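Let me begin by presenting the structure, written as structure tokens, before commenting on it.
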Amino acid sequence: MDTKKVIQERRSVHSFDPNKKVTDAQFKQLFDLVKLSPSGYNLQPWEFIVVRDAANKERLKAVSYNQPHIGGCFGCGHCPGEQAGLCACRG
């Protein structure tokens, strides 16, 4: 894969299929890959928390400046309550 092309074509996605579920195995695979990404002094000072509970997603949204996509798919109201959210934290 061409690094320059990957960087030039990368994008942020805020539209997701609310019917597709992210499994624990898929999250584990993602986190295993993230561990390989660079960080300052290779300290990798982050933790990841999967949030599935609707009440906890609302609490997370409240401390995230009420960003609409924190509570679901852009806060559209059509996403099922069990859809997972992801919180990345610096350690």
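The values are calculated or read from the model by the stated rules, or taken from the named source; none is laboratory data. Computed from a predicted structure; not experimentally measured. Cβ atoms come from the backbone with ideal geometry, glycine included; neighbour counts cover every protein chain shown.
Here are the numbers for this structure:
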| item | result |
| --- | --- |
| Residue that is farthest from the chain's Cα centre (by Cα), among those in the range 44-59 that are over 21 Å from Lys20 (Cα atoms) and not in a loop (DSSP other than H, G, I, E, B) | Arg59 |
| Matching residues, the range 1-23, being charged (D, E, K, R) and surrounded by 10 or more Cβ atoms within 10 Å (Cβ to Cβ) | Lys21 |
| Residue within the range 43-52 that is loosely packed, with under 10 Cβ neighbours inside 10 Å and closer than 23 Å to Pro68 by Cβ present | no |
| The lone exception for Met1 - which of (1) at pLDDT below 85; (2) in contact with a Phe, Trp or Tyr (Cβ under 8 Å, 6 or more places away or on another chain) it fails | (2) |
| Flag for Tyr41 being at pLDDT 85 or above and part of a loop (DSSP other than H, G, I, E, B) | no |
| Contacts under 7 angstrom Cβ, first residue in the range 13-25 being within 16 Å of Val51 (Cα to Cα) and of a type outside the set (A, V, I, L, M, F, W, C), partner assigned to a loop (DSSP other than H, G, I, E, B) and at pLDDT below 85, 6 or more apart | Pro18/Cys73; Pro18/His78; Pro18/Cys79; Pro18/Pro80; Pro18/Gln83 |
